[in-house]
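Asker: Below is a structure I'd like to ask you about.
The values are calculated or read from the model by the stated rules, or taken from the named source; none is laboratory data. These figures come from a predicted structure and were not determined experimentally. Cβ sites come from the backbone with ideal geometry, for glycine too, and all protein chains shown count toward neighbours. All accessible areas refer to the heavy atoms of the entire protein, side chains included, with ligands and DNA or RNA removed. Shrake-Rupley method; radii C 1.70, N 1.55, O 1.52, S 1.80 Å.
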Amino acid sequence: MPVNSYPNELENRRIINREIASLIEKEKQQQEREISQEIIYLPDTKDEKIFQSLINKAIETNLKQTGFGEIIQTVATDFLGSQYQAGLLDRSPQETLVISLQKFDCVLFVESVIAIARSIASQDYNYDNFTKNVVEQRYSQGKMIDYCSRLHYFSHWIADNQKRNLVTNITADLGGTTIQKKLDFMTTNRNSYAQLKNEHNYQCITNVEKSLEQLNFNYIPTQNVRSIYERLQPGDIIGIATNIKGLDFTHTGLVYQDERGNIGLIHASPAGQVVIASDLQDYVQNVRNAIGIVVARPHLN
């Protein structure tokens, strides 16, 4: 054996170790780039101006002194006439943080209104913190990671937000009926969801659906909705339950209580804009495939 063979072997090992370390670092950087590409936020100065206008109005009227439900209802009414637009959260092939105070679908309306109400109630008037409130509500465990981390099924949205003390599902307390409901509409109708063409997204949503098998599906039958009016509060979240196979809800909105105490629904209507339905039960009776409602009460955590 040559005298210098051992030092050469040590040097070769050092070189190999450096190369391995370099490959690991490059892989880590690639993963970070891929994650950063998945999470996109496209700010709109018009939205920020709308937010600030609502905050200024709330300060002028001392809105924070009212109850949280009243704050939610007041903010919601400020959006009456705003345009309904379906699919706003799914326009990008990569998961994008969509903040919209100009156009809404039904869930986006509920999320935006409650997030603004939280800003007012906590006297936190920072726009960036408002967007964080939206993220906290929209994504599993309040963390935006990718498409799969979004709370696509509204049953999941309620359950996840309840775990973090943002809402309480009060349906059972209101005398709701429990049924077995398997949620697999997204994967069963894979071709209807552009993002599910991605195999990773498809497999991840499949796993989410399996995890939701443990959720109890409890609802107030349509014919019983009017009987719970006196126990509802302004700003309560209403999910309209459906008998469509594999799906839990087809629409959502917020309880609206007028000056006479009548209970209606303020919502981003697929008919075209944010409106108030004057009577909640009458509205539910006219929703195709509806079987009743679920009620979740928002509160400050």
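Asker: Any chance you could count how many residues in region 90-106 are in a helix (DSSP H, G or I) and more than 25 Å from Thr168 (Cα to Cα)?
Answerer: Number satisfying all stated conditions: 1.
Asker: For region 258-280, which positions are in contact with a helix residue (DSSP H, G or I) (Cβ under 7 Å, 6 or more places away or on another chain) and open to solvent by 10 Å² or more (accessible area, probe 1.4 Å)?
Answerer: Within region 258-280, just Ala277 meets the criteria.
Asker: Also: Got a sec? Which of Ile276, Ile266, Ile293 is touching a Leu at 6+ places or on another chain (Cβ under 8 Å), modelled with pLDDT of 95 or more and over 20 Å from Gln83 (Cα atoms)?
Answerer: Only one candidate passes the filter, namely Ile293.
Asker: Among the residues of region 231-249, is there at least one that is open to solvent by 50 Å² or more (accessible area, probe 1.4 Å) and part of a helix (DSSP H, G or I)?
Answerer: The answer is yes, given that some residue of region 231-249 is open to solvent by 50 Å² or more (accessible area, probe 1.4 Å) and part of a helix (DSSP H, G or I).
Asker: Mind checking whether some residue in region 291-300 is under 25 Å from Asn191 (Cα atoms) and assigned to a strand (DSSP E or B)?
Answerer: Within region 291-300, not a single residue is under 25 Å from Asn191 (Cα atoms) and assigned to a strand (DSSP E or B).
Asker: Another question, then. Every residue in region 63-89 that is of a type in the set (Ser, Thr, Tyr), in a loop (DSSP other than H, G, I, E, B) and either open to solvent by 30 Å² or more (accessible area, probe 1.4 Å) or touching a Pro at 6+ places or on another chain (Cβ under 9 Å) (or both), please.
Answerer: Thr66
Asker: Can you tell me which residues in region 156-215 are open to solvent by 70 Å² or more (accessible area, probe 1.4 Å) and in a strand (DSSP E or B)?
Answerer: Selection gives Thr178 alone.
Asker: Considering only residues that are under 12 Å from the mean Cα position of the chain (by Cα) and of a type in the set (A, V, I, L, M), look in region 144-155 and name the one that is least open to solvent (accessible area, probe 1.4 Å).
Answerer: Filtering region 144-155 for residues that are under 12 Å from the mean Cα position of the chain (by Cα) and of a type in the set (A, V, I, L, M), the one least open to solvent (accessible area, probe 1.4 Å) comes out as Leu151.
Asker: Still on this structure, I have one more. Could you please give the count of residues in region 107-133 that are part of a loop (DSSP other than H, G, I, E, B) and closer than 14 Å to Gly69 by Cα? Steps first, please.
Answerer: Step one: of region 107-133, the residues part of a loop (DSSP other than H, G, I, E, B) are 122-126.
If we keep only those that are closer than 14 Å to Gly69 by Cα as well, we get 122.
Going through region 107-133 one residue at a time, the tally reaches 1.
Asker: For region 188-204, which positions are in contact with a Leu (Cβ under 7 Å, 6 or more places away or on another chain) and closer than 21 Å to Asn243 by Cα?
Answerer: Correct list: Arg190 only.
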